Each structure stands twice: as C-alpha cells, then as structure tokens.
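Undergrad: Right, I'll just put the structure down here and ask away after.
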Amino acid sequence: MASLTPLLITRDLCRSFGGLRAVDQVDFSLPEGETHAIIGPNGAGKTTFVSLICGRVAPTSGSVVFDGTDISRMPAHKRVRAGIAYTFQITSVFANLSAFDNVALAVQRRLIDDHERGLTSRALVEHGMDALHKVGLAALADKVAGNLSYGHQRLLEVAMGLALKPRLLILDEPTQGLSDSEIENFISLVRQIGEEATVLLIEHNMDVVMALAQRITVMEQGRVLAQGGPAEIRANPAVQQAYLGG
Amino acid sequence: MKIQTNLAPSAKSLALHAGVVLLLLALNFLLPEYHRGIFARVLVLSVFAMGYNLAFGYTGLLSLGHAMFFAAGLYGAGLPIYHLGWNVWPAFGAGILAGGALALVVGFLALRTTGVAFMIVTLMFAQVFYLTTLYFTTYTRGEEGLVLPQAVRRLSLPDGPLDLSDPSTRYLVALSLFTVVLAAILFLVRAPYGRSLVAIRENEERMRMLGYDVFANKLAAVVLSGTFCAAAGAAYGVLFGYVGSGFASIQYSILPLLWVLVGGAATTLGPLIGTLFMFYVIDTASSYTTAHLLVVGLVLIGVILFFPKGIAGTVRERWLRWLP
Ligand SMILES: Nc1ncnc2c1ncn2[C@@H]1O[C@H](COP(=O)(O)OP(=O)(O)OP(=O)(O)O)[C@@H](O)[C@H]1O
Ligand SMILES: [Mg+2]
C-alpha cells in the first residue's frame, strides 16, 4: 500500500535566536515522492527551517516527524542514517581530498550500515563513481575538490547527498553562483533525482522553482506565508507583494 | 578513467615499512652499545609519539595532556610490580588497561570542548594526574621515583624467562612493540575508520551530515591513542626499570607534540623520525655545549622553515605522494 501518511511532518515548529523568531509555528507536511520548493526573501528562515528538519539546529519547541517517527530529539547523524540528507548552502566539501574521496566518505557510511553488501573497495568505487556520474563529475573524480570550479563543488555537494541514497534530499540554494548552462543541467539532474527521492529545495531562482516544484511554500519572517502549486503561488496577491515584486 | 581505492596498505608502502623494521632489527647487531641504548629508548618513545599522532595528527585533536596516558601505563605496570610483586605480563596488561580507561574518562569529558578549550582541559587533567602521583608519594616516591630491580624485570615465556635489562633483549622487545603499533596504525589509516578520522579533522560538520557520529569517532580515537601511549609507558617502566612522576609532568605532554611536528603529523613514520631526530640533536648538542637548548631551538626553527609539514610530511608532499 502506498503510504498515505506524509514522509515528513512538522508541527508548530519554532526556533528563536535571542528575541528573533527565525522559524515561527510552522506546520508543514511533505508527501513521499514530491519535489517541493521553499522560497522567501533573505532571512526568512528557510535555512533554519530545514536545519530543524535535518537536526543541525535544535527546535525551541514543536516537533518533526519523519516516516511516522518523532525525530525531534534525534541527533543529526542518526537522522542522516534514517534517510535525510542535507546539502549545505555554503559549499562544504573536503577541500584537500579528491572528488572521489569526498563521495566515498558518504558511500562508506552507507555501506557500513548495509550489512548485505558490506564495505569493500569495489563497492566503494562502484557506488562512488555512480554518484559522480549522475552529477556529471566522473571525469574529475581524481581531482582535488578544493581545486574544482565553484559550480563543480556545488555539484560535488549534491553527489555526496546522492551517495547517501536518501529518502529525503534537502538542497539549500544549490544553483547559487552557477552559470546559466550549469543551471540547465542542474534542472534535469534534480528531475532525475526526484524520480527516486523526495526533494526539498530552497531556491531563489524562480525559473528553477517553476521548472521543478510540484508544490511551493513561501516563507516570510519565520512563518509560512502561502503554499500551493506553481500557478497558485504565482497568482497569490500576498506572495506577489511580498516576494515576487509584483 | 580508472579510479582505485584500497582499504588496505599498498604493496609499496607495506614493503617500505617492512624495510624500516628490518633495518631497525639489523641495527641491534650493528650499533655500538651506547647508541643501541638510545635507539631502544627512541623505539619505545616513538610508540608514545605514534599514539599521540593518532589523536593530534590524524584526528586533529591538539591535546596537551598525553603525559597522563604514558604515565598511566608507567604506573599501571610499575606499581603492581614494585608493591605487589606482579609478573611483567599481567603488569603490562594492567598498564595498558589503566591508560585506556583513563583515556575513556578524560576523552568523554574533554571532547565536549574543542580547540583551545580542549588544550586547556587536557592540560588540566594531566596536571591533576601529575599532582596525584606526587600526593601519593608514599607509594610512588614522587620525582625520585621507583627503581624496579633487575630480578623482577623478567618476561616469562614458554622457553624460559627473558631478562629485560639485557641490552639486546631490551632492544628487541622495544622493536617488537614498535612493530606491532606501527602495523596497527598503518592498517588503521587506510581502513574506513582512519579515513573518517582524517575527514573529521578536515570538516567535522560535513561528517556529521554524512551520518557519522563525530563524538563517538573522536572518543574512540582518544581511547586508542591513550592505549598506545600507555603501552609505551608500561614498556618503558619494565624495560628501563624506572617509574617516576617526571614522566607525568607537562614536559612529557609537550615532547610527543614536538616529535610529531618535527617528524610529520599524520604520517606513519613521522613519529619515529621526529623522536630519533630530536634525541640525537639534544644528545649531540649537549656534548658540545652547555647551552644545548639554544642549539635545539635553532635546529627546530630550521626544520620548521625547510620542512613546514615535518620531515616525513614534507617528503610526502614534495616527492612521495603515496607515503601513508
Ligand atoms: N545561528 C544563528 N544565530 C543567530 N541568528 C541566526 C542564526 N541562524 C540564523 N539566524 C537568523 O535567523 C534568520 C533566518 O535565517 P536563515 O538563514 O534561516 O534565513 P534564510 O531564509 O535561509 O536566508 P537566505 O535566503 O539569506 O539564506 C535571519 O535573521 C538570521 O540572521
Ligand atoms: Mg539560507
């Protein structure tokens, strides 16, 4: 039976920094298989919101339920192993390691848990190269990550996320700083990813959002301003005023 | 393109390390007595340095308290021999256990901090340990220390006991311990666990978001590191017959840091090279001048200028990329 309960639910989720309510009473639910975009102006609380989901930031109050389990108190590394992967808004690769070794660290972690396959050099190469192929970096596998172009480093981030074979992949402004042609490729990459995983995408580029998202959530000052399909969001007057500059 | 990854050391690096061990073995028969004595000491102390390197070089944990793990091994083995008449084998085991257990407790508490705070917390723990050895002077004789008589420094083996105070036996036992720890570290750093330690050093937050339990990995590194250091301490006590609180002092927390920095942090052979180098610099300098610390200081500055990553570290960076 297909799961009728959403993959991810947040209830009354709040996070304050001092007096600032970065995330304010957010109720959110995400069905399995959906590609969902979160948009909103700078400082709206998008990164904080997904950080609460993946466990990098602890909530002030409220709960996060993933696949029917309350994970509000679960440490970040366990959430990753439960199937939530996060790619950083600020590129965070292992600059001194080769591109392959970067993804190999992700593959290694997953294979340690995969008792059936087990961790072998062959499996490491196979799965690592597979992830690099998907993002188009296979030819640069032996290059030191710190020497890759910015765009390639962003893709490497995504490859590390993919190598974890997550059920929920959170992409935090993945196209920031990419050229137009790189963005084109990126859109088709996320489409492909979206066939296997649920994707939560924070994105400023509206073309990317409109091309990919089945539904969109608009955040402003920590709150959900609006939610709906692309057409609905485009037509929403409050959104146009607050964000789309209409 | 063909990408390869080995979870075990390459044949080349195995051959190199085996060669180093064989060379050290040959030196037992070639070195004059005086130098053989120095080498035996260096071998034991490089085990201490290798243990330190695991925490500092590979995992990036700059501890200023590793003297306590060395001294835990020293006392853990020495006290039961001296006061309870234990045999060397169980005493050696007790020393290792004492160091491992201490590292577990200290690691558990100190790893809640990072950076400078970690340095200070480890320093404080080591200071407490040092003062404790002085406080129980009745049992430890403090700075003056305990001298283990030759009669008890015997290693019982199926073919009869080995006299550990015999220079050749002492050298070979030191080399055996050195070889075991070197092999352990050589395999460890290629293995998935070793790679994850290096990655934690490079980018801890990223590792957490790849699903690694960073705290548990670091704690395991501290416990392993402390255990190796304790093994060195225990061996030192029984091989050289002296157990004193000087080995718990801050000086013995700084020394392994220097040895590792000079030899090359996060290299398998760096600790040996650094320890040997420093020993001979001090030895040579002090035979020519009373101001030997000045000479040592100048040599250290020279090493850092020409080998910024330590001797083995710089050789790896410039010439031999495959060095582990
Ligand atoms: N660790 C922190 N400490 C204090 N304030 C923080 C912290 N993290 C975020 N904030 C604040 O919370 C608010 C929301 O920040 P957040 O990074 O979640 O916004 P965002 O929507 O991701 O913005 P952007 O589009 O610029 O990435 C901002 O005002 C920010 O300054
Ligand atoms: Mg953000």
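Undergrad: Within segment B:134-220, considering only helices (runs of 4 or more DSSP H) that don't extend past its boundaries, which have at least 1 residues that are without any contact (Cβ under 8 Å) to a residue 24 or more places away in the chain and either within 14 Å of chain A (Cβ to nearest Cβ) or aliphatic (A, V, I, L, M) (or both)?
TA: B:167-190, B:192-202, B:204-208
Undergrad: Does any residue in segment A:46-65 that is away from chain B (no Cβ under 14 Å) come within less than 9 Å, Cβ to Cβ, of a residue that is of a type in the set (Phe, Trp, Tyr) six or more places away or on a different chain, and which pairs are these?
TA: Note: pairs meeting the criteria are A:Thr48/A:Phe17; A:Phe49/A:Phe28.
Undergrad: Here is a check on your reading of the model: is B:Gly270 away from chain A (no Cβ under 14 Å) and touching an Asp or Glu at 6+ places or on another chain (Cβ under 8 Å)?
TA: no
Undergrad: Turning to a different aspect of this structure: Being more than 13 Å from A:Ala163 (Cα to Cα), hydrophobic (A, V, I, L, M, F, W, C) and within 7 Å of chain B (Cβ to nearest Cβ) is the filter here; which residues of segment A:66-92 pass it?
TA: Passing the criteria: only A:Ala76.
Undergrad: Can you tell me which of (1) away from every other protein chain (no Cβ under 12 Å); (2) closer than 30 Å to A:Ala145 by Cα; (3) in contact (Cβ under 8 Å) with a residue 24 or more places away in the chain is the one A:Thr10 doesn't meet?
TA: Failing condition for A:Thr10: (2).
Undergrad: Answer with yes or no whether B:Ile250 is under 30 Å from B:Thr133 (Cα atoms) and within 21 Å of the chain's Cα centre (by Cα).
TA: Values: under 30 Å from B:Thr133 (Cα atoms): yes; within 21 Å of the chain's Cα centre (by Cα): yes.
Judged against the criteria, B:Ile250 is a match.
Undergrad: If I ask for residues that are away from chain B (no Cβ under 11 Å) and open to solvent by less than 30 Å² (accessible area, probe 1.4 Å), which ones from segment A:128-152 would you list?
TA: Selection gives A:Ala131, A:Val135, A:Leu137, A:Leu148, A:Gly151.
Undergrad: In segment B:269-306, what residues are part of a helix (DSSP H, G or I) and more than 18 Å from B:Ile38 (Cβ to Cβ)? Spell out the reasoning first.
TA: Step one: list which residues in segment B:269-306 are part of a helix (DSSP H, G or I), which gives B:270-288, B:292-306.
Of everything in segment B:269-306, those that are part of a helix (DSSP H, G or I) and more than 18 Å from B:Ile38 (Cβ to Cβ) turn out to be B:Gly270, B:Leu293, B:Leu294, B:Gly297, B:Leu298, B:Leu300, B:Ile301, B:Gly302, B:Val303, B:Ile304, B:Leu305, B:Phe306.
The rows are residues; the columns are (1) open to solvent by less than 40 Å² (accessible area, probe 1.4 Å); (2) more than 16 Å from ligand 2 (Cβ to nearest atom); (3) modelled with pLDDT of 95 or more; (4) under 15 Å from A:Ile216 (Cα atoms).
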residue: A:Arg15; (1), (2), (3), (4): no, no, yes, no
residue: A:Gly18; (1), (2), (3), (4): no, yes, no, no
residue: A:Asn42; (1), (2), (3), (4): no, no, no, no
residue: A:Thr48; (1), (2), (3), (4): yes, no, yes, no
residue: A:Ile53; (1), (2), (3), (4): yes, no, yes, no
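Undergrad: Restricting to segment A:155-170, name every residue that is touching a helix residue (DSSP H, G or I) at 6+ places or on another chain (Cβ under 8 Å) and either closer than 14 Å to A:Ala95 by Cβ or in a helix (DSSP H, G or I) (or both).
TA: Residues satisfying the conditions are A:Leu155, A:Leu156, A:Val158, A:Ala159, A:Met160, A:Gly161, A:Leu162, A:Ala163.
Undergrad: Please verify whether A:Leu124 is more than 13 Å from chain B (Cβ to nearest Cβ), within 24 Å of A:Arg79 (Cβ to Cβ), among the hydrophobic types (A, V, I, L, M, F, W, C) and part of a helix (DSSP H, G or I), treating the condition exactly as stated.
TA: On the way: more than 13 Å from chain B (Cβ to nearest Cβ): no; within 24 Å of A:Arg79 (Cβ to Cβ): yes; among the hydrophobic types (A, V, I, L, M, F, W, C): yes; part of a helix (DSSP H, G or I): yes.
Here the answer is no, as A:Leu124 does not meet what is asked.
Undergrad: Out of (1) farther than 23 Å from B:Glu202 by Cβ; (2) in contact with a Lys or Arg (Cβ under 8 Å, 6 or more places away or on another chain); (3) open to solvent by 10 Å² or more (accessible area, probe 1.4 Å); (4) of a type outside the set (Ser, Thr, Tyr), the odd one out for B:Ile273 is which?
TA: It is condition (2) that B:Ile273 fails.
The values are calculated or read from the model by the stated rules, or taken from the named source; none is laboratory data. Fair warning: this is a prediction, and the values are worked out from it, not measured in the lab. So basically every Cβ, Gly included, is an ideal-geometry build from the backbone, and we count neighbours across all protein chains shown. The area values use the complete protein model at the heavy-atom level, side chains included, leaving out ligands, DNA and RNA. Shrake-Rupley method; radii C 1.70, N 1.55, O 1.52, S 1.80 Å.
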